[in-house]
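This report concerns only the one structure given below.
The values are calculated or read from the model by the stated rules, or taken from the named source; none is laboratory data. Not measured: the values here are computed from a predicted model. Ideal geometry is used to build each Cβ from the backbone, glycine not excepted, and the neighbour counts take in all protein chains shown.
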């Protein structure tokens, strides 16, 4: 099989890249190791930046997102029992966010891919990348035991942190920056209507908590926990007791309880691999960088990456030169490091660290006071939370 761009991974990054290339008249093949059901049902992020919403609209795949997603103009910070609202829209020049699950974005993009008729191959095993330093890279894999090969001009590695793409780069080429946090998030989906229409981020002596939602009928909640937390030790009653304690506030608000539909533990790390290109391979999304989820940046960074890459490939195939391809890594990393800093800052301000001292506790409280009482402090949070504008 021959194509112009071979895309490894059918998450939001790979699927959106394939769709953007299709609209530019560029051929691609998407190869994914999981089955379609796994891709469409894996619950991940749910906060879409303004730029992500705009990109999906421009790509013609935003209709259901607008029909079913939840627009949000603010968030709330909860500490010392009081909620403080950050008016995202007012402080960011009219930009806002939309709550719409990553798996729903994936469903929309898979539907668009299938409608386009471009190849989308699920359940590919033994995926391997070859010839990345030359002019004719290739991708080999197997489907139902049958070996296959794709020859291409470029490879886009959109297969996540544990995928094969970053590992295909020779030793010594990439420089890795990483921080592993000493805590994790225990997250649940609850069959309960959200009791508030905005997200609540709580700093509490017992640990961080987050009130969120996936729809007008399903609530998403998180608790700070240990990285090696044993889920079996967390009964439904214990989870709800802990949530009510950490989210308690002086106006009597509390999350609605309901049957827990799903639970899991999410590790926390910051990670960047530089550069995001090696030869004919371009890394995008979690294959190149990871952020702690506190800043809601993971999927949004992936969208930003493939937006840049799609424009660069369109310029290349449109006869406009390779300047944008050459600048891909530098362009993306400017946004990546801004998001890394913001996500680290939010994480540091809201979580309890094992080595917290009374001095550090006071610094956290001072930061929260400043962000919620100063227009300048609130604007910095708001501008980063809704996502900085794209430079194109």
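Quick notes on this one:
- Some residue of region 70-90 being touching a helix residue (DSSP H, G or I) at 6+ places or on another chain (Cβ under 6 Å), surrounded by fewer than 21 Cβ atoms within 10 Å (Cβ to Cβ) and at pLDDT below 95: no
- Only a single item in (1) in contact with a strand residue (DSSP E or B) (Cβ under 7 Å, 6 or more places away or on another chain); (2) more than 21 Å from residue 197 (Cα to Cα); (3) outside any helix (DSSP H, G or I) is not met by residue 75, and it is number (2).
- Which numbered condition residue 252 misses (of (1) on the phi < 0 side of the Ramachandran plot; (2) out of contact with any strand residue (DSSP E or B) (no Cβ under 8 Å at 6 or more places or on another chain); (3) surrounded by fewer than 15 Cβ atoms within 10 Å (Cβ to Cβ)): (1)
- The lone exception for residue 66 - which of (1) modelled with pLDDT of 95 or more; (2) more than 18 Å from residue 14 (Cβ to Cβ); (3) within 23 Å of the chain's Cα centre (by Cα); (4) surrounded by 15 or more Cβ atoms within 10 Å (Cβ to Cβ) it fails: (4)
- Every residue from region 369-378 that is touching a helix residue (DSSP H, G or I) at 6+ places or on another chain (Cβ under 6 Å) and either closer than 23 Å to residue 298 by Cβ or surrounded by fewer than 17 Cβ atoms within 10 Å (Cβ to Cβ) (or both): 370, 371
- Cβ-Cβ under 7 Å pairs, at least 6 apart or on other chains, region 120-137 side at positive phi and in contact (Cβ under 8 Å) with a residue 40 or more places away in the chain, far side surrounded by 15 or more Cβ atoms within 10 Å (Cβ to Cβ) and not in a loop (DSSP other than H, G, I, E, B): 131/138
- Residue in region 296-305 that is without any contact (Cβ under 8 Å) to a residue 40 or more places away in the chain, under 29 Å from residue 131 (Cβ atoms) and either more than 19 Å from the chain's Cα centre (by Cα) or in a helix (DSSP H, G or I) (or both) present: yes
- Within region 105-136, considering residues that are part of a loop (DSSP other than H, G, I, E, B) and touching a helix residue (DSSP H, G or I) at 6+ places or on another chain (Cβ under 8 Å), the one surrounded by the fewest Cβ atoms within 10 Å (Cβ to Cβ): 122
- Scanning region 345-380 for residues that are outside any loop (DSSP other than H, G, I, E, B) and touching a strand residue (DSSP E or B) at 6+ places or on another chain (Cβ under 6 Å) yields 350, 368, 372, 378.
- If you go through region 137-158 and keep only what is crowded, with 21+ Cβ neighbours inside 10 Å and assigned to a loop (DSSP other than H, G, I, E, B), you end up with 137, 152, 158.
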